[in-house]
1. Residue separation times 0.36 nm, minus the C-alpha to C-alpha distance between T43 and A13: what's the value?
2. Output ³J(HN,Hα) for the stretch 53-58: one whole-Hz value per residue in order, computed from phi by the Karplus curve 6.51 cos²θ - 1.76 cosθ + 1.60 with θ = phi - 60°, and x for Gly and Pro.
3. Going highest first, how would you order 37-43, 64-70 by mean Cβ packing within 10 Å?
4. Would you kindly state how much longer the chain becomes between T55 and K29 on full extension, computed as 0.36 nm times their sequence separation minus their alpha carbon distance, in nm to one decimal?
5. Go through (i) -0.47, -0.59; (ii) -0.32, -0.43; (iii) -0.39, -0.50 and flag the label whose value is the computed log10 I(q)/I(0) by the Debye sum over Cα atoms at q = 0.12, 0.14 Å⁻¹ for this structure.
6. Express the carbon and sulfur contribution to the solvent-accessible surface of the chain as a percent, rounded to the nearest whole number, probe 1.4 angstrom.
Amino acid sequence: MNNNVQIAGHTGAALGVVVETGATAVTGKFYAIQVLEAATFTTFTENGASGDAMTGFSVPAGTILYNGLGITAFTLSAGKVRAYKMR
């Protein structure tokens with residue numbers, strides 16, 4: 001069984017991860033954010049996104065938020081996440 005996640009040439013956590021469990025602002029370039037414990041974002045910035053903001057509501061544990069163009073910044077007010085880096 002193959003559990004690798006491949007997006008734009010990236011496999012799983014080959015380029016590293018950032019685990020955030022507090023309210024520290026995180027910046028970088030990530031292709032996915034895995035919610036480990038129900039999370040509420042106060043900021044969530046991603047490339048190529050339109051519509052309503054991904055802030056102010058609870059995202060359930062087990063959810064994976066993908067963006068092949070890059071998630072560039074996020075801040076939590078609650079929860080725990082694992083962010084997968086991209087080039």
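1. My answer for the length gained is 8.5 nm.
2. Once rounded to whole Hz, the list reads 6, 8, 10, x, 9, 7.
3. Details: 37-43: 17.0, 64-70: 15.4.
Top of the packing list down: 37-43, 64-70.
4. On the way: separation 26, 0.36 × 26 = 9.36 nm, distance 1.85 nm.
7.5 nm is the gain from fully extending T55 to K29.
5. Among (i) -0.47, -0.59; (ii) -0.32, -0.43; (iii) -0.39, -0.50, the one calculated here is (ii).
6. The nonpolar share, carbon plus sulfur, comes to 51 percent.
The values are calculated or read from the model by the stated rules, or taken from the named source; none is laboratory data. No experiment lies behind these values; they were computed from the predicted model shown. No Cβ is skipped: glycine too gets one built from the backbone with ideal geometry, and neighbour counts run over all protein chains shown. Accessible surface areas use protein heavy atoms only, side chains included; no ligands, DNA or RNA. Shrake-Rupley method; radii C 1.70, N 1.55, O 1.52, S 1.80 Å.
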